[in-house]
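Taken together, the values in this text are just the output of simple stated rules run on the coordinates, not laboratory data. What you see is a predicted model, and the numbers here were worked out from it, not measured in a lab. Cβ placement follows ideal geometry from the backbone for every residue including glycine, while neighbour counts extend to all protein chains displayed.
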Amino acid sequence: MAMSFQQNEVNGLAEQPNGLFKPSGGALACMVNSEIGAVLAVMRRNVRWGVHYASDDEQIEHSLIISFKELRKKIFSWKNHWHTIDPVLYLQPFLDVIKSDETGAPITGVALSSVYKILNLQILDSETVNVDNALHLIVDAVTSCRFEVTDPASEEVVLMKILQVLLACMKNKASVSLNNHHVCSMVNTCFRIVHQASSKSELLQRISRHTMHELVRCIFSHLPELDTKRHELARGNMSSPNIKDDMAARSRTLEEKQYIDGYPSAESDKKNNENAHGKDSTFSADSSMMDPYGVPSMVEIFHFLCSLLNVMENIEVGPRSNPIAYHEDVPLFALGLINSAIELGGPSFGNHPKLLALIQEELFYNLMQFGLSMSPLILSTVCSIVLNLYHHLRTKLKLQLEAFISCVLLRIAQSKYGASYQLQEVAMEALIDFCRQPMFVTELYANYDCDISCSNVFEGLANLLSRSAFPVNSPLSAMNTLALDGLIALVQGMAERIGHDSSGSGKPPRTRGI
């Protein structure tokens with residue numbers, strides 16, 4: 001007798017409105033059952049998890065194994081009602097294994113893989129029942145993961161899988177249900193693995209750093225969305241005083257109270273700063289950390305990233321380490337994360353006083369310091385960050401941009417200050433990048449040279465390019481060519497300004513002082 005099935009049931013897939021395919025209820029049950037079997041199989045390899053006998057010959061199994069067997073009895077009865085099932089029911093046995101200090105690295109690794117697979121099965125989304133609690137339990141379990149280390153290789157595998165699950169949580173559609181506290185915990189855990197990886201394989205080092213970058217990008221890409229929602233609420237007259245309070249709320253710091261294996265945590269750095277300024281160093285937990293993640297967690301994370309630039313004062317370089325490479329490595333990593341945050345957050349940083357204050361004060365202080373370092377690679381990265389800041393926030397960074405251009409770029413680009421040729425070249429390239437920005441030349445003259453409280457930045461730049469464009473008592477060099485390109489860009493900027501109607505929209509915007 002022939003049996004007919006719908007094509008989507010044959011494939012175990014159900015088509016979604018957005019064109020994606022989601023496993024059907026039966027297929028999901030099979031997949032989860034497969035993960036249960038994988039964990040049980042690894043557990044049974046260890047005699048610890050075998051059957052024990054009580055005095056009356058009754059078989060006694062470990063509670064972790066019993067929970068998996070109980071789950072197996074339920075999953076096939078859920079059929080196509082998975083969206084109404086509390087995810088905690090099918091996640092809890094795996095999370096218990098992850099949190100247990102009785103399990104070895106192989107068992108913990110398989111359980112982490114199972115959670116990672118479930119997160120990628122499209123089961124969890126913003127409409128799932130109790131999804132916020134499920135995600136919180138996952139983050140709590142993974143960030144407090146404990147396991148017996150049997151060999152270095154298996155330990156690294158578990159650490160990589162922890163990174164996988166954390167990133168999958170943040171990329172999941174239901175990640176909007178995460179709260180500020182859990183987002184900070186995820187970043188903190190990821191960073192601790194980054195630091196642990198420095199003494200392990202290069203593969204783990206690369207994966208951990210990549211995951212940290214992806215986490216930061218996911219978090220700060222949410223910042224413009226917050227502003228959009230706030231504007232929508234304002235247009236709909238549904239805004240409340242609480243919204244503004246939430247956006248500017250004081251958030252508590254990342255979990256670590258002291259230095260994390262030689263790296264300063266956000267809280268310890270913040271306490272040191274406040275003590276230096278005579279402020280109260282006592283912090284109280286803020287209720288906003290339990291709200292869906294947003295500005296409070298971003299303030300703490302961005303502050304933490306800025307604090308990494310101060311790390312060199314707190315690290316003792318070992319006798320077997322390479323001081324030059326090490327001194328470049330840490331700030332370059334931190335600068336890369338900061339640049340990613342600024343690229344994704346963009347002009348939305350300027351809408352939140354706490355984030356803007358971090359850029360105006362702590363970040364620019366560090367950018368000035370590292371801009372004067374002897375590393376062309378660090379200078380190049382710093383210049384990329386400042387160019388991004390100019391593009392997104394120049395109206396709020398007048399004095400900071402003046403200081404950076406005058407005291408870092410113009411100074412390094414001149415050979416009389418003793419900078420290496422490579423550093424001079426990087427500084428000159430950065431100046432030319434600025435000159436090629438629309439309205440930069442006009443804004444430079446209007447906001448600095450025409451302001452009696454500021455230095456003549458336009459004049460200094462024009463003089464530098466004019467002097468450097470042609471060789472004197474030496475053959476033509478790449479620096480001469482760069483300076484000529486900059487001079488052309490400078491003249492072109494002035495020519496474009498002449499073409500505008502000075503009485504109308506062509507008038508350059510005056511940036512606001514601080």
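A few notes on this one:
- Inter-centroid distance (Cα atoms) of segment 89-115 relative to segment 412-437, Å: 54 Å
- For segment 409-502, the list of trypsin sites (Lys or Arg not before Pro) that fall in a loop by DSSP and count at most 11 other C-beta atoms within 10 angstrom is empty.
- Residue pairs exceeding 20 angstrom between C-alpha atoms, taken from LYS117/LYS161; LYS171/LYS200; LYS69/LYS171; LYS73/LYS99; LYS99/LYS161; LYS354/LYS396: LYS171/LYS200; LYS69/LYS171; LYS73/LYS99.
- Cα gyration tensor, segment 389-480 - rounded (a/c under 1.5), prolate or oblate: prolate
- Label-point separation, ASN456 to LEU377 (7 Å along Cα→Cβ), nm: 4.0 nm
- Residues with amide H under 5 Å from that of GLU148, placed H, sequence gap 5 or more: THR103, GLY104, ALA105
- All-pairs alpha carbon distance profile, segment 106-226, 5 Å steps from 0, percent: 2, 11, 22, 23, 21, 11, 6, 2, 0, 0
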